[in-house]
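One structure is given here, and the rest of the page talks about it.
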Amino acid sequence: MLIREKYLSKIRPFYDDFGMIKVLEGIRRCGKSVILEQIRDELISKGISASHIIFLNLDKRPYRGVKSAAKLDKLISKKWPKGEQPVYLFVDEVQNAKGFEPIIESYRLEGNCSIFITGSNSYLLSGKLASKLTGRYVEFNIMPFSYQEAVAYQKLKNPRAEALPIDDYFRYGGFPKRFDYPREEDSDLYTRSVLDEIIKKDLKKRAKIRDKALFERVVRYVCLNTAATFSSKSIAKYLKTEHIKTKANTIARYLRLIQEGKIVSLCHRYDIRGKEALQFYEKSYITDPALKNLFSPGARTDYSSMVETIVYNELLARGYNVQAGVLPNAEIDFVVSKGLKVAYIQVAYLIPERKTEEREFSPLLEAKEAFPKYVISMDQVDLSQNGIRHLQLVRDFLLGNGFSL
């Protein structure tokens, strides 16, 4: 297993917080279960007795029959150890036990139980958890492998293999299990199965979607248009040109479900001068590059949208808050913040000529705030100027430490 220190370092301070429920959220098959196992192994290595660790994966035998809160409670009670030592409770795919919230909350109130839960459906990931769990909880957003993790994982599986090309990541993404399938068609088939599982099991079934064909059409649209700015009205208008009539409210509901299923992430737009968030016309980014290529097999890679998407996902995985910056006469791709620290980032595939260089650098020059400013592209030549740092995508940003707050 690849040790996912990027996430473990965020969760580790909460291992022994018995009053805080640890919630690992993220798209299906991104590796949440493995991270739970790594936390369990760390606890054992620190001297926690295995008898005081209860680990339940409700998607696997022998726990797949645990479909109710009562059965979950009975199972945990049966495994509860004797003595006064703290207990560490892990419940993977907790939403399989309908009405689980009061049970999880009751064990939190025991005062000596550290609880970790994961879930993959829209119910758990939609923010409704807050209204159901009356106690405190903290969420950790888990994503598929970053490019750096993908490179390390491939090396772990085959030390003699050449370094994973960035083009491979653009095309096939970072779902961990896809690396078990060296043939392109098998990797695509696996990713398709992941998306189908999300759509059919997590979204259609639970949200009771009537027009399933329309919903899948919207999924296709947002996956193909990663890094684009749109609204529910603009999508409804586009569908009208395809002779599909629907209401903007319906599209807005579908977009919300797609976001809750972690297929895409919405990047809110921020007025840099007015210091306020802007509603409507948000930018949308797919969670993994492979999701776009499922709908455009054989097509040439759209490097511009892929580079921007990968930069956005990497920033999220590093724990930054990311918004799209809006100026009176220009836009900045990302306003990145952590606490009181802020930076501005422009992203481009290549900067082949002076005109493109001016287009990418000028919005950063227009922003007069004295925050660090960066341009990220795949160019090998350093184009840094006027206090703006130019980072090469792979060497400086994805694999290096050229950007940090």
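The values are calculated or read from the model by the stated rules, or taken from the named source; none is laboratory data. As the structure is a computational prediction, the values presented were derived from the model and not from experiment. Cβ coordinates were reconstructed from backbone atoms using ideal geometry, including for glycine residues, and neighbour counts include every protein chain displayed.
Residue by residue, here is whether (1) more than 19 Å from the chain's Cα centre (by Cα); (2) surrounded by 15 or more Cβ atoms within 10 Å (Cβ to Cβ) holds:
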site: Ile199; (1), (2): no, yes
site: Lys208; (1), (2): yes, no
site: Leu224; (1), (2): no, yes
site: Ser231; (1), (2): yes, yes
Candidates Glu369, Glu314, Glu358 - the one that is modelled with pLDDT of 95 or more and more than 21 Å from Glu260 (Cα to Cα)
Glu358
Scope the stretch 133-155; condition farther than 21 Å from Thr309 by Cβ, in a loop (DSSP other than H, G, I, E, B) and either of a type in the set (A, V, I, L, M) or modelled with pLDDT of 95 or more (or both); matching residues
Leu133
Answer with yes or no whether Phe179 is farther than 27 Å from Ala324 by Cβ, part of a helix (DSSP H, G or I) and touching a residue at least 24 places away in the same chain (Cβ under 8 Å).
yes
With the requirement that a residue be crowded, with 19+ Cβ neighbours inside 10 Å and touching a residue at least 40 places away in the same chain (Cβ under 8 Å), what does the stretch 352-393 give you?
Ile376, Ser377, Leu393
Quick test of your reading of the structure: Arg273 fulfils all but one of (1) in contact (Cβ under 8 Å) with a residue 60 or more places away in the chain; (2) part of a loop (DSSP other than H, G, I, E, B). Name the failing condition by number.
(1)
Residues that are in contact with a helix residue (DSSP H, G or I) (Cβ under 8 Å, 6 or more places away or on another chain) and closer than 23 Å to Asp196 by Cα, drawn from the stretch 1-38:
Leu24, Glu25, Gly26, Ile27, Arg28, Arg29, Cys30, Gly31, Val34
For Leu125, the lone unmet condition from (1) at pLDDT 90 or above; (2) among the aliphatic types (A, V, I, L, M); (3) in contact with a helix residue (DSSP H, G or I) (Cβ under 6 Å, 6 or more places away or on another chain) is (1)
Filter result (in a strand (DSSP E or B) and among the β-branched types (Val, Ile, Thr)) within the stretch 335-379
Val335, Val336, Val342, Ile345, Val347, Val375, Ile376
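Yes or no, residue by residue, for (1) among the aromatic types (Phe, Trp, Tyr); (2) free of Cβ contacts under 8 Å to residues at least 40 places away in the same chain:
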residue: Lys245; (1), (2): no, yes
residue: Ala252; (1), (2): no, yes
residue: Val264; (1), (2): no, no
residue: Ile286; (1), (2): no, no
residue: Pro289; (1), (2): no, no
residue: Ala299; (1), (2): no, yes
residue: Tyr312; (1), (2): yes, no
Please go through the stretch 80-106 and pick out each residue that is crowded, with 22+ Cβ neighbours inside 10 Å, assigned to a loop (DSSP other than H, G, I, E, B) and among the acidic types (Asp, Glu).
Glu93
Within the stretch 375-391, does at least one residue satisfy the condition of being more than 22 Å from Leu316 (Cβ to Cβ) and at pLDDT below 95?
no
